[in-house]
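Below is one structure, written out as structure tokens; the observations come after it.
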Amino acid sequence: MKGRPMADRSRSTAFAGVGTLAMVELRRWLPRRAIVLAVASLPILLFVTFALGGEADTPFGEVLAVALTGWSIVVVLVVVGTSQGVLADAVEDGTAAWTVSMPVTRKAYVLAKFVGAAPAIALGAVIVPGLVAYPFLAASADANSEFGAVAVIDALQRDTSAYAGLPSLGEYAIMLSLIALLAVYLLAMMLLFGSRLTSAAALLGFGLASAAVLIVFNGLGIEEGTPGVAFVAVLPNRLEELAVVPALVASAAWSACAVVIAAWSFDRRPL
Amino acid sequence: MSASSTAPAIEFHSLRKSFGRTEVLPGVTTEVPTHSVFGFLGPNGAGKSTTMKILMGLLRPTSGTARVLGLDVERDSLEVRRRVGYLPQSPAYPSHLTVAGVLGLAAKLRGVADQTDSLLETVGLTDRADRRVQGLSGGEAQRLGLAQALVGDPDVLILDEPSAGLDPAGRREVLGLLDDLRTRATIFYSTHLLDDVARLSDTIAVLVRGEVVADGPIDQFTIGDTSSTWQVRLDGPTAAAAFETLARQPWVASVDCAGSGVATVDTIDRTTAEHELLPVLREAGGHVAELRPTRRSLEDIYFSLTGGTNGADGEDGTDEGQADG
């Protein structure tokens with residue numbers, strides 16, 4: 001019963017199997033974990049926005065900026081908490097050892113973990129709850145409307161671009177993308193820490209510390225070259241002044257660096 | 001690159017592994033003949049799992065060389081893993097996968113056609129195909145472990161304690177399965193269950209504190225290589241005198257008389273004993289009713305080699321602890 005070669009049996013590239021393993025990782029997250037992320041994330045965004053939106057004479061654009069920035073911090077915490085075990089748990093329970101006992105390089109394994117988990121985290125923690133929140137935000141932007149289902153339906157039926165400070169859906173999507181990239185960057189950092197550590201407490205500590213560093217970078221005004229630029233870029237009034245492309249590139253580049261270092265580090269780890 | 005049929009399937013020379021200051025393997029050297037069922041014996045903490053992990057590229061040796069099918073386990077690690085099926089000591093799979101899903105994933109990663117149905121039949125898990133791996137019993141999980149190791153019909157199977165933790169029925173099933181596989185692959189497996197070794201292995205190595213203290217064909221141990229033990233029964237009143245004469249021979253180590261003309265004779269030279277034992281007894285007036293070589297029990301041999309030690313408990317715990325440290 002010799003196994004017939006399905007494709008090129010002599011394939012020995014460093015990244016063979018990435019697609020297969022990424023799908024396994026994605027299916028590990030979807031749909032249950034991603035739904036949990038969304039359910040945990042959405043109410044916080046809505047609560048913050050409505051709480052702030054009720055204040056008189058506050059332009060909604062500012063309200064939204066503060067709400068999204070606050071929400072970003074919540075997303076950071078949620079991502080750090082949920083992604084700490086992406087690699088560490090697999091090492092701890094032996095799944096990683098079993099997988100890399102197959103003809104798969106460790107670099108491919110780490111990359112697959114990232115490629116599989118990133119869309120699930122971005123969708124679950126940011127994109128889906130963010131988009132679901134948009135009509136509620138639009139309703140809240142109408143200072144005269146009452147909070148509730150009637151207001152949401154009412155807002156959806158009107159031209160929301162007339163509201164002062166409410167970003168268009170396109171602008172809003174860019175803001176969400178930047179927050180999603182921030183979430184993906186933190187996933188990459190958790191992979192990096194997980195490539196050497198298995199202690200949940202240590203992973204959580206390092207994850208929170210890396211998030212704190214981003215916040216400090218933003219506070220120092222050197223945000224443009226760091227993934228933390230997302231915190232600032234969500235401010236609607238800065239969308240034009242602050243180029244979005246460098247922010248995207250910075251976030252992607254830092255994420256890629258973290259994954260590369262994680263793969264290099266994991267390659268040397270005893271399993 | 002393929003190994004010739006006479007070359008050993010697995011060989012390691014002066015293989016060392018240290019975790020920090022703790023030396024787990026001080027320098028292991030042995031060879032696993034092609035098409036053998038090789039039992040890697042040793043107490044807990046002897047270094048069996050560490051050796052196997054090095055062969056599979058899960059650990060890097062501190063020094064020394066290891067080759068599988070003529071391939072260097074470090075330089076040609078991917079090719080080694082493509083041609084070797086491995087059962088870890090505690091196999092774990094992505095928990096959301098089903099039994100069939102694990103085998104399908106293994107086939108994709110190995111780049112071979114899906115053999116799920118035939119492998120499930122081989123290991124008797126056809127009716128568990130759609131069950132999640134989390135819900136399997138210990139015996140079922142171990143059989144799944146064997147099935148995934150067989151994906152791609154590997155030339156070599158490296159099995160870390162394949163019957164550990166199984167009840168007697170599960171153990172019998174797994175050993176039967178391995179017995180069936182002996183014609184298909186070289187089997188290198190670790191265990192500290194001597195009954196398994198006696199039933200399955202044709203070659204063994206005994207590892208104690210990271211060193212191979214004995215290796216070779218199992219008959220060499222149970223029958224003896226140079227030395228040998230014989231069971232002798234003499235009839236008639238001349239038995240005692242004949243045993244006394246026998247005890248004076250230079251190639252006889254001891255004669256242990258049990259009464260009624262029965263004695264156990266230990267010799268230091270097997271060949272001489274085979275030629276001289278019967279003539280000496282007859283010349284001494286003994287009427288030989290029974291003369292046969294006795295097999296030493298594997299348990300006796302094992303404990304004489306290991307000094308009766310059970311070693312340090314939790315080999316894997318040692319590995320992981322050191323690895324993290």
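The values are calculated or read from the model by the stated rules, or taken from the named source; none is laboratory data. Please read all numbers here as calculations on a predicted model, not as lab measurements. In this analysis, Cβ positions are derived from the backbone assuming ideal geometry, glycine residues included, and neighbour counts consider all displayed protein chains. Side chains are part of the model used for accessible areas, which takes the heavy atoms of the whole protein and leaves out ligands, DNA and RNA. Shrake-Rupley method; radii C 1.70, N 1.55, O 1.52, S 1.80 Å.
Between the C-alpha center of the stretch B:1-64 and that of the stretch A:248-271 there is a gap of 32 Å. The largest accessible area among B:Arg209, B:Arg16 belongs to the first residue in B:Arg209, B:Arg16, and the rest follow in falling order (1.4 Å probe, all chains). For the chain pair B and A, buried accessible area totals roughly 3400 Å², probe 1.4 Å, rounded to the nearest 100. Taking all protein chains as they are arranged and a probe of 1.4 Å, the heavy atoms of B:Thr183 leave approximately 120 Å² accessible to solvent. Counting only alpha carbon atoms, the long axis of helix B:315-324 and the longest principal axis of chain B meet at about 40°. Take every pair of alpha-carbon atoms less than 8 Å apart whose residues are at least six positions apart; their mean separation over the length of the stretch B:228-303 yields a relative contact order of 45 percent. Between amide H atoms placed 1.01 Å from N, distances below 5 Å from B:Gly42 occur with B:Thr191, B:Leu207, all of them 5 or more places distant or on a separate chain.
Applying the criteria of a DSSP loop state and at most 15 other Cβ atoms within 10 Å to the GluC sites (Glu not before Pro) of the stretch B:193-293 yields no site.
Of all lysines in the structure, those lying under 27 Å Cα to Cα from B:Lys108, and not within fewer than 8 positions of it along the same chain, are A:Lys2, A:Lys107, A:Lys113, B:Lys53. Placing a label point 7 Å from the Cα of A:Asp93 along the Cα-to-Cβ direction, the residues of the stretch B:98-120 whose backbone N falls under 15 Å of that point are B:98-99, B:102. The accessible-area ordering, largest first, of the residues A:Ile179, A:Ile261 stands as A:Ile261, A:Ile179, per a 1.4 angstrom probe.
Only protein heavy atoms count here; on that basis, with a 1.4 Å probe, B:His13 has an accessible area of about 70 Å². Normalised by the number of residues in chain B, the average gap of Cα pairs under 8 Å and 6 or more apart makes the relative contact order 21 percent. Convex hull volume per residue, computed on the Cα atoms of the stretch A:170-215, equals 62 Å³.
With all protein chains in place and ligands, DNA and RNA left out, the 1.4 Å accessible area ranks A:Asp89, B:Asp196 as A:Asp89, B:Asp196, largest first. Extension gain, B:Thr65-B:Arg21: 0.36 nm per intervening residue step, less the Cα-Cα distance, totals 13.8 nm.
Measuring with a 1.4 angstrom probe and ignoring ligands and nucleic acids, A:Ser199 comes out at about 60 Å² accessible.
Here r is the Cβ-Cβ distance between B:Glu244 and B:His35 and R0 is 51 Å; the resulting FRET efficiency, rounded to 0.05, is 0.60. Helix B:138-150 axis versus longest C-alpha principal axis of chain B: approximately 80°, rounded to the nearest ten. Sparse packing (at most 15 other Cβ atoms within 10 Å of the Cβ) combined with a DSSP loop state is found for the following trypsin sites (Lys or Arg not before Pro) in the stretch B:88-157: B:Arg131. Taking R0 as 22 Å, what's the FRET efficiency between B:Trp251 and B:Val213 from their Cβ-Cβ distance, rounded to 0.05? Rounded to the nearest 0.05, the efficiency is 0.30.
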